[in-house]
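Peer 1: Sharing a structure below in structure tokens format, with a few things to ask.
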Amino acid sequence: MLFIVTGILVVIVDTILRRADMPTIGVFVFLTLFIFIWIWLVFGELRTKLIKAEIEGEQIAVSKYLGFGSKKYYILSQFDGIETAILPSRYDKYEYLYLMKNGRKVIKLSEFYHGNYTDLKHALTGKVKNLGQSRLDFIQEVKEIFI
């Protein structure tokens, strides 16, 4: 379904750009940028950050894609620990919390996307080792979309 919607959007945008008498290279550049942003939003933000997370005892349940994806359960003791990072924005700073396993970010929780971020963070404190703060790396974040 997602690919059908993407295809329809590409056709609509292509039609609009061609009617605007944009050169072919301009249409190609715009569509490439449009597709990259679409992939970034769907597979980056919706899949990895816009998640529903529930801590139930010694495990955490995660549903991706705004909580509409299937639930996946993780045992908290399986994680190496948690790392935090600060994302500065124009008006505020937001904290990200990563549950790490074998050096990889398995679960990403953020103050920006999760209204109950503070509760989730407190629930994890003492159950998972704190690995400290890391530097937010945007290039690494983009790479993780495809992992």
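The values are calculated or read from the model by the stated rules, or taken from the named source; none is laboratory data. Since the structure is predicted, the reported quantities are computational estimates derived from the model, not experimental observations. We place every Cβ from the backbone using ideal geometry, glycine too, and count neighbours over all the protein chains shown. Remember, those area values only see protein heavy atoms, side chains included, never the ligands or the DNA or RNA. Shrake-Rupley method; radii C 1.70, N 1.55, O 1.52, S 1.80 Å.
Peer 1: Which of (1) closer than 20 Å to residue 133 by Cβ; (2) surrounded by 15 or more Cβ atoms within 10 Å (Cβ to Cβ) does residue 103 not meet, given it meets every other one?
Peer 2: Condition (2) is where residue 103 drops out.
Peer 1: Restricted to region 45-66, and to residues that are within 12 Å of residue 113 (Cα to Cα) and among the charged types (D, E, K, R), which residue is modelled with the highest pLDDT?
Peer 2: Here the residue is 52.
Peer 1: Residues that are charged (D, E, K, R) and in contact with a Gly (Cβ under 8 Å, 6 or more places away or on another chain): does region 116-127 have at least one?
Peer 2: There is no residue in region 116-127 that is charged (D, E, K, R) and in contact with a Gly (Cβ under 8 Å, 6 or more places away or on another chain).
Every residue, every condition in (1) closer than 21 Å to residue 47 by Cβ; (2) not hydrophobic (A, V, I, L, M, F, W, C), yes or no:
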| position | (1), (2) |
| --- | --- |
| 76 | no, no |
| 79 | yes, no |
| 94 | yes, yes |
| 102 | yes, yes |
| 126 | no, yes |
| 129 | no, yes |
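Peer 1: Being among the hydroxyl-bearing types (Ser, Thr, Tyr) and open to solvent by 60 Å² or more (accessible area, probe 1.4 Å) is the filter here, so list the residues in region 22-73 that pass it.
Peer 2: If the condition is that a residue be among the hydroxyl-bearing types (Ser, Thr, Tyr) and open to solvent by 60 Å² or more (accessible area, probe 1.4 Å), then 24, 32, 65, 70, 73 are the ones that fit.
Peer 1: With the condition being over 24 Å from residue 39 (Cβ atoms), I'd like the strands (runs of 3 or more DSSP E) fully within region 56-134 carrying at least 3 qualifying residues.
Peer 2: By residue number, 59-63, 71-75, 81-88, 93-101, 130-133.
Peer 1: Quick check on my filter: what residues within region 113-130 are free of Cβ contacts under 8 Å to residues at least 60 places away in the same chain and surrounded by 15 or more Cβ atoms within 10 Å (Cβ to Cβ)?
Peer 2: Within region 113-130, 117, 121, 128 meet the criteria.
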